[in-house]
Structures are given as structure tokens and as C-alpha cells.
Amino acid sequence: MALTPGIMWMGKLYPPVWHDEELEPAELFGKLRGMGVEGIDIFARAADQYGADTLEAALNESGLGCSCYYISADLVSDDPGKSEAADEAFRRGIEVARQLSAPICFTHGSQHAHAGEENLQKYIDRLGEKLPLFADAGLTLVIENAGHLLHTADRMVRVCEALGDEGLRLCPDTGNFTLWGQDEIDAVRRCLPWSVHFHIKDYAERWEEAGNPRGRESVLGEGLTPVEEIIGMLKDEGWSGVLAWEPGPQDEEGVTDSVRELLRLIG
């Protein structure tokens, strides 16, 4: 498998409205496939809204593959209710991922809600508790660089040094490295040995408010993030997998231009 163009079902695309026309999932998926997209990353909210059966049929009809299924859960909190909700989210997430033939699951919801060394160790421990569930299901679990808990390559590498032998892998987000003021090329290179999926995002600008980074996303290829250099490095390293562009506030033209640029960069 070479570099494969993908997209995250979010931003302008969720809910699926195109030039003021509300679309069913199959219609949106067919439009994206017609643009040249091959894989789509699907959040649990879509399965909750439309049902896994509807999404499975839309994937089959359009020819898109579910490249990654997203599980929202707080693995760090000690609140019993949140812990119970996380357990159920993982159980249900694995079930839906298998139905949609997604080879990878992505978990989010811990990194933005927590910070600090103690919470990072809790995160590592609780990820380790979940990994056997994915091994048993024949799936791969990935995490990304995000939030105060896990925004640097140092921390990404640290988690994989602890859990990589148990199957944990990474999903670097190019734009998140820009957002947090990281050297994107160095960060991606350091994460690459454990990386099996990518979020491709490009920031037009970044700033800070009360110690928190803020940014404005751009059309792919028009911002600060060195996306072309990163994808060139992936080619040079012989990496293969899905590069999922992350839509933000772009309009229909911006979505189309971003997908076109992704396809150009992949070649």
C-alpha cells in the first residue's frame, strides 16, 4: 500500500450539507469518492446519528473505505461515571469499527481535558488496559499529538516506548505540531517508526490566549505547516498508509481545493 488520500468526516462536511443541499451519507461519500478520496475517518457521533448499518451501506455504495473509526472517551478521569462511559465507548467502538471494516481505531477525549505528569502516567496505564481488546479484535489503536497532555513528539515517543510492544501506534497531526509551536519535520520524523495513520492539517496562523495556543486553519497548502515537505519525507522513507485531510471552516471551494492539493502531493 502506498500513500492513500483520506478525509476526516468533520468541519464543513459534518453534518453533510453541500451548497445548502442536505445530503445523506451515501451521497456525501459518493461525492468525496468522485473527487478522488479513497478513505474516510468516521467519528462515533455519526454512527450514533445515522446508525452503523446506514454507514456500512453508504461505504459499500460509494466505494469509500472506513480508514479509521474514532472513539471518544476520557481515560484519565477517576470519576466512576466517566470510567464506565469510557468502557462502554470502547466496547461499542470496537463493535462498530469491525462492522465498518475499519482497520484502525483512534481514541480522543483525554488529551484536551488533562495535563501534567501524573495524568500522563494514568493515560499510559489505561491505554495499556485497553490494548488487549484491540488485539483480540484484530484492530490497531492509535493516538495523536493534542492538548496539554500529549502535544509534543517527546511525549508521543514516550507513550509508544511504553506501549508499542503491546500494539499501540501513532497518528501524528501535522497541524497540531504547528499549533503547539513544534518543529513539524523533526516531530513527524521522530514519530514515524510507530505511525500508521496521519491527520493532515494546515494552519494559516497561530497565536496564544492565556497560555493556550489558538489557530486558524487554511486551505491545504496555503498555510504555515510544511505539508509538502512532510509528505515528501514520507515518500522518501517508504511510509505507506492513509493521509486523512482534516476539514475545518473551509467552504465548498476550499474543500475541493484542499482535496485536489492532497492528491497532487500524494502524486
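Data overview
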| quantity | calculated |
| --- | --- |
| Whole-Å distance, taken between Cα centres, linking segment 92-134 and segment 193-232 | 23 Å |
| Chain lengthening between ALA57 and SER83 when straightened (0.36 nm per residue, less Cα-Cα) | 6.1 nm |
| Difference of contour (0.36 nm per residue) and Cα-Cα distance, GLU237 to ALA210 | 5.9 nm |
| Rounded to the nearest 20 debye, dipole of the chain from Cβ charges on Lys, Arg, Asp, Glu | 460 debye |
| Zone of VAL196's modelled label, taken as backbone nitrogen in segment 85-121 under 15 Å from a point 7 Å along Cα→Cβ | 94, 97-98, 101-107 |
| Inter-probe distance in nm under a simple model that places probes 7 Å from Cα toward Cβ, at ASP186 and GLU228 | 2.4 nm |
| Per-pair calculated FRET efficiency, R0 = 22 Å: VAL17 and ARG260 via Cβ, rounded to 0.05 | 0.60 |
| Around VAL142: net Lys/Arg minus Asp/Glu count, Cβ-Cβ under 15 Å | -2 |
| Contact order normalised by residue count of the chain, Cα under 8 Å, 6+ apart, percent | 21 percent |
| Whole-Hz ³J(HN,Hα) from phi, Karplus 6.51 cos²θ - 1.76 cosθ + 1.60, for segment 250-263, glycine and proline x | 4, 7, 4, 5, x, 5, 4, 5, 5, 5, 4, 5, 4, 5 |
| Solvent-accessible heavy-atom area per residue, rounded to whole Å², over segment 1-94 at 1.4 Å | 45 Å² |
| Farthest positive-ward along segment 158-232 dipole, Cα basis, beta-carbon charges - from TRP180, GLY211, ALA162 | ALA162 |
| 32 Å Cα-Cα threshold exceeded, pairs from LYS12/LYS122; LYS130/LYS201; LYS31/LYS122; LYS82/LYS201 | LYS12/LYS122; LYS31/LYS122 |
| Separation between Cα centres of segment 9-25 and segment 154-183, rounded to whole Å | 31 Å |
| Option label - Rg and Dmax of the Cα atoms in Å computed here, alternatives (i) 17.6, 49; (ii) 19.7, 64; (iii) 24.7, 81 | (i) |
| Hz values of 3J(HN,Hα) by residue in segment 121-134 - Karplus curve (6.51, -1.76, 1.60), Gly and Pro given as x | 5, 4, 4, 4, 4, 7, 4, x, 5, 8, 4, x, 4, 6 |
| Gain in span if fully extended, ALA2 to GLU95, counting 0.36 nm per residue against the direct Cα distance | 30.7 nm |
| Probe 1.4 Å, accessible area per residue of segment 143-222, Å² | 39 Å² |
| Carbon and sulfur %, accessible surface of the chain computed with the full protein complex present, 1.4 Å | 44 percent |
| CD proxy at 222 nm, helix term only [per DSSP H run n ≥ 4: -39500 (n - 2.57); per residue of the chain; nearest 500] | -14000 deg cm²/dmol |
| Around GLY167: net Lys/Arg minus Asp/Glu count, Cβ-Cβ under 14 Å | -3 |
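The values are calculated or read from the model by the stated rules, or taken from the named source; none is laboratory data. Keep in mind that this is a model prediction, so the values were computed, not measured. Glycine also receives a Cβ, built like all others from the backbone with ideal geometry; neighbour counts cover every protein chain displayed. Side chains are part of the model used for accessible areas, which takes the heavy atoms of the whole protein and leaves out ligands, DNA and RNA. Shrake-Rupley method; radii C 1.70, N 1.55, O 1.52, S 1.80 Å.
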